[in-house]
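The values are calculated or read from the model by the stated rules, or taken from the named source; none is laboratory data. Note that the coordinates shown come from a computational prediction; the quantities given were computed from them, not determined experimentally. Glycine also receives a Cβ, built like all others from the backbone with ideal geometry; neighbour counts cover every protein chain displayed. For the accessible areas, the whole protein counts, side chains as well, though only heavy atoms, and no ligand, DNA or RNA atoms are used. Shrake-Rupley method; radii C 1.70, N 1.55, O 1.52, S 1.80 Å.
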Amino acid sequence: MAALHATTSSILSAFLPRLSQPTVSMASRAATLYSRQLSLPQIPVLAFAIPSAIHLNVPGWVEGLWDSILKAVPKKKTSHMKKRSRQMAGKALKDVTSLNKCSACGHIKRAHLLCPYCVKEIQNMFKGKAQKTTSEKPVDEA
Amino acid sequence: MAGGHMRYRHLGRSSSHRQALLRNLVTSLFTHESISTTYPKAKEAQRLAEKLITLGKKNTEASRRAALSIFYTPHDLLPKLFGEMRERYAARPGGYTRVLRIEPLKPDQAPSAILELVDGPKDMRFAMTARTIARLRGEGKEVDSLTQYNVDKVTRFRPNGEQALEEMVEKVNDLEIGDRTALEARWGGKI
Ligand SMILES: [Zn+2]
């Protein structure tokens, strides 16, 4: 019974040191010692132990935090312009250099392709569409 | 196709879809004598069209039935194939059709081409050669070697080829050169 009372009082004193002081009158010395030690962490023995513990254990714990969330990340979203200029780099339209002259009208046309103007005019002629006609020879000044 | 030899263009279609497309193209070709489509479609339709004309030149009961199963409007086109076409190409040993590259027609800038029946009423090379001759005559120049090569090509199997070419030269001579600046935007800006 006494042992039980002592343990309960020590637990109470451990959690509520101020309340336990006046109520528990016949508490054992050990109980008061425990309460003193827990309520006052600035005991030299503990003060020496805690800094060493911090120095060894906490850096590992913080390192895990760095690996999981605190990595180097972009500060801003890449703008549409930046993204498009990066992805379209080197994909610009090529200059058309394979050009020659249309034998029928003299206008510049793409090599190996029929002159689009002559094709259109001849197709209109085949269809019998009203096409401007002239007695002049077909010569293009351009 | 991966790793294997491609024997023909699949045109991104199932076999039945491709067959239907080619039947449509040759039906249009024999109806209108000349069609404008993409270059790969024109080349594939050319194969089928040449085979059809070969059937027409054979002119047997079996070839009639084969041609009947290809055209979508056989009742309009079978008399043409076994009449007009057979006579037109009787002397020509193959090469009844021609594919000429033109500026892209589709909005995706796919290479386009004209597929035409050689020596037909809408023979583009024939008309273009005639126009070249008209221009050279107008400038008082001699017909150059390349034009002479084309002249030989378009008149070789055409009945009264030389005369027909002269008539076409007269016809295109009256054709005015259109405004080259008005249509510029369509062909990609200033050229
Ligand atoms: Zn031209």
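Kindly list the number of the only condition in (1) of a type outside the set (Ser, Thr, Tyr); (2) assigned to a helix (DSSP H, G or I); (3) touching a Gly at 6+ places or on another chain (Cβ under 9 Å) that fails for B:Asp119.
Tallying (1) of a type outside the set (Ser, Thr, Tyr); (2) assigned to a helix (DSSP H, G or I); (3) touching a Gly at 6+ places or on another chain (Cβ under 9 Å), B:Asp119 fails exactly one: (2).
Does region B:34-48 contain any residue that is open to solvent by 10 Å² or more (accessible area, probe 1.4 Å), of a type in the set (Gly, Ala, Ser) and either assigned by the TED database to the domain that holds B:Gln148 or modelled with pLDDT of 95 or more (or both)?
First pass over region B:34-48, keeping only residues open to solvent by 10 Å² or more (accessible area, probe 1.4 Å): B:34-41, B:43, B:46-48.
Filter once more, keeping what is of a type in the set (Gly, Ala, Ser): B:34, B:36.
Narrowing the set further to residues that are either assigned by the TED database to the domain that holds B:Gln148 or modelled with pLDDT of 95 or more (or both) leaves B:34, B:36.
Taking every residue of region B:34-48 in turn, at least one turns out to be open to solvent by 10 Å² or more (accessible area, probe 1.4 Å), of a type in the set (Gly, Ala, Ser) and either assigned by the TED database to the domain that holds B:Gln148 or modelled with pLDDT of 95 or more (or both).
Using beta carbons and a limit of 7 Å, which pairs, at least six apart or on different chains, have the first residue in region B:3-19 and part of a loop (DSSP other than H, G, I, E, B) and the second one among the aliphatic types (A, V, I, L, M) and surrounded by 10 or more Cβ atoms within 10 Å (Cβ to Cβ)?
As it stands, the answer is B:Leu11/B:Leu21; B:Arg13/B:Leu21, since those pairs meet every condition given.
If the requirement is being modelled with pLDDT under 95 and away from the ligand (no atom under 16 Å from the Cβ), which of these qualifies: B:Glu166, B:Glu176, B:Glu139? Reasoning before the result, please.
Details: B:Glu176 fails: away from the ligand (no atom under 16 Å from the Cβ); B:Glu139 fails: away from the ligand (no atom under 16 Å from the Cβ).
B:Glu166 is the lone residue from the list that is modelled with pLDDT under 95 and away from the ligand (no atom under 16 Å from the Cβ).
Scan region A:101-132 for residues that are more than 10 Å from chain B (Cβ to nearest Cβ) and within 11 Å of the ligand (Cβ to nearest atom) and jot them down.
A:Lys101
Just to be sure I understand, how many residues within region B:120-129 are open to solvent by 10 Å² or more (accessible area, probe 1.4 Å), within 10 Å of the chain's Cα centre (by Cα) and in contact (Cβ under 8 Å) with a residue 40 or more places away in the chain?
Residues in region B:120-129 being open to solvent by 10 Å² or more (accessible area, probe 1.4 Å), within 10 Å of the chain's Cα centre (by Cα) and in contact (Cβ under 8 Å) with a residue 40 or more places away in the chain: 1 in total.
Report the residue count in region B:74-119 for those that are open to solvent by less than 70 Å² (accessible area, probe 1.4 Å) and at the interface with another protein chain (Cβ under 10 Å from one of its Cβ atoms).
Number satisfying all stated conditions: 7.
Looking only at region B:88-105, decide whether some residue is more than 16 Å from the ligand (Cβ to nearest atom), part of a helix (DSSP H, G or I) and either over 14 Å from A:Cys102 (Cβ atoms) or over 16 Å from the mean Cα position of the chain (by Cα) (or both). Please lay out each step first, then the result.
Initially, region B:88-105 is screened for residues more than 16 Å from the ligand (Cβ to nearest atom), giving B:88-99, B:104-105.
Now drop any that are not part of a helix (DSSP H, G or I), which leaves B:88.
Among the residues that remain, those that are also either over 14 Å from A:Cys102 (Cβ atoms) or over 16 Å from the mean Cα position of the chain (by Cα) (or both) are: B:88.
Looking through region B:88-105, at least one residue is more than 16 Å from the ligand (Cβ to nearest atom), part of a helix (DSSP H, G or I) and either over 14 Å from A:Cys102 (Cβ atoms) or over 16 Å from the mean Cα position of the chain (by Cα) (or both).
Might you check whether a residue that is surrounded by 14 or more Cβ atoms within 10 Å (Cβ to Cβ) and of a type in the set (A, V, I, L, M) occurs anywhere in region B:54-65?
Checked against the condition, which is being surrounded by 14 or more Cβ atoms within 10 Å (Cβ to Cβ) and of a type in the set (A, V, I, L, M), region B:54-65 yields at least one hit.
Show me the helices (runs of 4 or more DSSP H) entirely contained within region A:29-142 in which 1 or more residues are at pLDDT 90 or above.
Values: elements: A:29-39, A:44-68, A:80-87, A:116-127.
Helices (runs of 4 or more DSSP H) meeting the threshold: A:80-87, A:116-127.
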